[in-house]
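The values are calculated or read from the model by the stated rules, or taken from the named source; none is laboratory data. Bear in mind the structure is a predicted one, so any value in this text is a computation, not a measurement. Cβ sites come from the backbone with ideal geometry, for glycine too, and all protein chains shown count toward neighbours. Note: accessible area is taken over every heavy atom of the protein model, side chains too, but ligands, DNA and RNA are not part of it. Shrake-Rupley method; radii C 1.70, N 1.55, O 1.52, S 1.80 Å.
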Amino acid sequence: MDVANKSVSEFVLLGLSNSWELQLFFFMVFSSFYVATMVGNSLIVIMVVADSHLHSPMYFLLTNLSIIDMSLASFATPKMITDYLTGHKTISFDGCITQIFFLHLFTGTEIILLMAMSLDRYIAICKPLRYASIISPWVCVALVVASWVVGVMHSMSQVLFALTLPFCGPNEVDSFFCDLPVVFQLACVDTYVLGLFMISTSGIIALSCFMLLFNSYIIILVTIKHHSSKGSYKALSTCTAHFIVVFMFFGPCIFIYMWPLNSFLIDKILSVFYTIFTPILNPIIYTLRNQEVRTAMRKLKNRLLNPNKTTPLHYF
């Protein structure tokens, strides 16, 4: 790390508001969301691991999505919550770079994993007879490993770029965590060029992946439309849940990174959305819309309440 670029030793996180009343409100709301996110996603992981009926590629990918969502919710939210209590809203230079690394690691990994889930649904619905041979357990593991590898590579590119920026004066980050769109505006260089870098490395990538996902789901929906069976209705419900997660995740990311010089207020709202609200959508959407998950949840509940009683399972 170039010491000359580290004349600023720490940054001040301005957060979402200076009002004590609003800070108290945010503390209660975000604490509740964080706990719900961790509990909800943990339940999904436990249910998939414990229930052999959920040992399928779709639920394996869903489990990994839950793990990423818990990680995404944890890289900055706990610090923000404790900052509201302690009033200590500074973060070291190294801590800021670490937040940038983990943010792009988890978002980059989730982008690739969502594409893997889209591929899984595409093969299951459009090529059902070849599904077992194409989406094997080893393929699922390879897709998850690939998503993490891509996430690490993307994150390292963002961190290496941030480490080359000279910070020589302003150190107030107008957000509750460090991310390049707000941090690079504190650098002592022309932000126009940096904005182009943000658009090319994050914005265009996110937009391109979203368009690929959108087209794949259109193909899936067209395929489902030609069937009227109960299985087609189930497939439609599953794909609708998948697309809701995709849209809620990609929307804010595309807006922030395609227009890195937009309003700080809008950036704050969208940042809260995809780091705090979006991670909880996964357990809510999949639990409320998926009969197999609800059945597994009832089974897990009965097992915990009646540990000595074996309850026969019935899947319809």
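Could you tell me which of the residues LEU270, LEU288, LEU281, LEU261 is at pLDDT below 75, part of a helix (DSSP H, G or I) and of a type in the set (A, V, I, L, M, F, W, C)?
LEU288
Has the range 112-119 got any residue that is over 27 Å from ILE244 (Cβ atoms) and either assigned to a helix (DSSP H, G or I) or in contact with a Lys or Arg (Cβ under 6 Å, 6 or more places away or on another chain) (or both)?
no
Checking VAL152 against (1) part of a loop (DSSP other than H, G, I, E, B); (2) open to solvent by 30 Å² or more (accessible area, probe 1.4 Å), only one condition comes out false. Which one?
That leaves (1) as the condition not met.
Can you name every residue in the range 77-94 that is out of contact with any Cys (no Cβ under 8 Å at 6 or more places or on another chain) and in contact (Cβ under 8 Å) with a residue 60 or more places away in the chain?
Those that are out of contact with any Cys (no Cβ under 8 Å at 6 or more places or on another chain) and in contact (Cβ under 8 Å) with a residue 60 or more places away in the chain: THR77, LYS79, MET80, ASP83, TYR84, LYS89, THR90, SER92, PHE93.
Among the residues that make up the range 84-91, is at least one of them modelled with pLDDT of 90 or more and either aromatic (Phe, Trp, Tyr) or crowded, with 19+ Cβ neighbours inside 10 Å (or both)?
yes
Conditions: (1) assigned to a loop (DSSP other than H, G, I, E, B); (2) modelled with pLDDT of 75 or more. LEU213 meets all but one. Number of the miss?
(1)
Give the residue, chosen from THR311, THR238, that is assigned to a helix (DSSP H, G or I), at pLDDT below 75 and either open to solvent by 60 Å² or more (accessible area, probe 1.4 Å) or not acidic (Asp, Glu) (or both).
THR238 is the lone residue from the list that is assigned to a helix (DSSP H, G or I), at pLDDT below 75 and either open to solvent by 60 Å² or more (accessible area, probe 1.4 Å) or not acidic (Asp, Glu) (or both).
For (1) modelled with pLDDT under 85; (2) in contact with a strand residue (DSSP E or B) (Cβ under 6 Å, 6 or more places away or on another chain); (3) of a type in the set (Asp, Glu); (4) open to solvent by less than 10 Å² (accessible area, probe 1.4 Å), each residue gets a yes or a no:
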{"position": "PHE93", "(1), (2), (3), (4)": "no, yes, no, yes"}
{"position": "THR109", "(1), (2), (3), (4)": "no, no, no, yes"}
{"position": "TYR131", "(1), (2), (3), (4)": "no, no, no, no"}
{"position": "PRO137", "(1), (2), (3), (4)": "no, no, no, no"}
{"position": "SER147", "(1), (2), (3), (4)": "no, no, no, yes"}
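Suppose we keep only residues that are open to solvent by less than 40 Å² (accessible area, probe 1.4 Å) and either without any contact (Cβ under 8 Å) to a residue 60 or more places away in the chain or in contact with a His (Cβ under 7 Å, 6 or more places away or on another chain) (or both) within the range 155-179. Which one would you say is farthest from ILE111 (Cα to Cα)?
Here the answer is PHE161.
Please enumerate the residues belonging to the range 50-81 that are among the polar types (S, T, N, Q) and part of a loop (DSSP other than H, G, I, E, B).
SER56
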